[in-house]
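S.K.: The following block contains the structure, expressed as structure tokens.
Values quoted throughout were computed directly from the atomic coordinates according to the rules given, and no laboratory measurement underlies them. Note that this is a predicted model, so its numbers are computed, not measured. Here the Cβ is made from the backbone with ideal geometry for all residues, glycine too, and neighbour counts use every protein chain on show.
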Amino acid sequence: MTGKVALRKEAAARRSALAHPALAARLASHAEALRCVPGAVVSGYAAFRDEADPALLLLALAARGHPLALPAITVKGEALRFHRWQPDDALALHAFGVEEPHPTAEIVIPDILLVPLLAFDASGHRLGYGGGYYDRTLEALRARKPITAIGIAYAGQEIAALPHEAHDQRLDGVLTEKGLRWFSNPA
């Protein structure tokens, strides 16, 4: 088993052990800490398996007037596409088992991405599922405009150091049940 494959398996088991439904409310209580400028489009995600769930955080951000979006996988191996989404909008089930916005929903370019992960380190590196979707997406978006990427996690998902490569995109911050920690100056 290669290093990242073994690390993903370990990190998934750790996240599963940490999973707790009360986290969603704790995340939402830190909505103001994101320092979103008025009108900033925030992209979240529909939690999959035992991912830290940003649903209540998205509701809190919507209540503050922020337009919301969710990602969609359009073509395997390409960047994600973002569709405008509101909390009462129905979601469609993608072939990978992930819930996504309806494909006819308006396409938007987010300003802030809330990013799921398996693990993160103190330098802002994240360990995802290995498909590279968020790395490709962040690289493409950051080439167009300033983007803030915030990992959503349980505090216990932090590990000392993650292996990383040149194409890996760093997070600007991470939000856990303990609050928001910035790795760089927010955009």
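S.K.: Can you give the FRET efficiency for S123 and L59, using 1/(1 + (r/R0)^6), R0 = 41 Å, r = Cβ-Cβ distance, to the nearest 0.05?
M.R.: 0.85
S.K.: Using alpha-carbon positions, what is the distance between the centroids of segment 30-49 and segment 69-120, in Å?
M.R.: If we compute the Cα centre of each part, the gap is 13 Å.
S.K.: I would also like to ask the following. Name the most mobile residue of G124, G97, G44, meaning the one with the largest mean-square fluctuation, in a Gaussian network model of the chain with Cα contacts below 10 Å.
M.R.: Fluctuation is largest for G97.
S.K.: Separate question: Please state, rounded to one decimal and in Å, the Kirkwood hydrodynamic radius that segment 69-177 gives when every pair of distinct Cα atoms enters the mean of 1/r.
M.R.: 14.7
S.K.: On to the next question. Using Cα positions and a limit of under 26 Å, work out the lysines in reach of K4, with same-chain residues fewer than 8 apart set aside.
M.R.: K76
S.K.: Springs between alpha-carbon pairs under 10 angstrom, Gaussian network model over the chain: which of H102, H94, H125 fluctuates most?
M.R.: Highest fluctuation among the options: H94.
S.K.: The list (1) 66, 33, 26; (2) 57, 34, 25; (3) 42, 35, 30 gives values of Cα extents along the principal axes in Å, and only one came from this structure; which label was calculated from it?
M.R.: (3)
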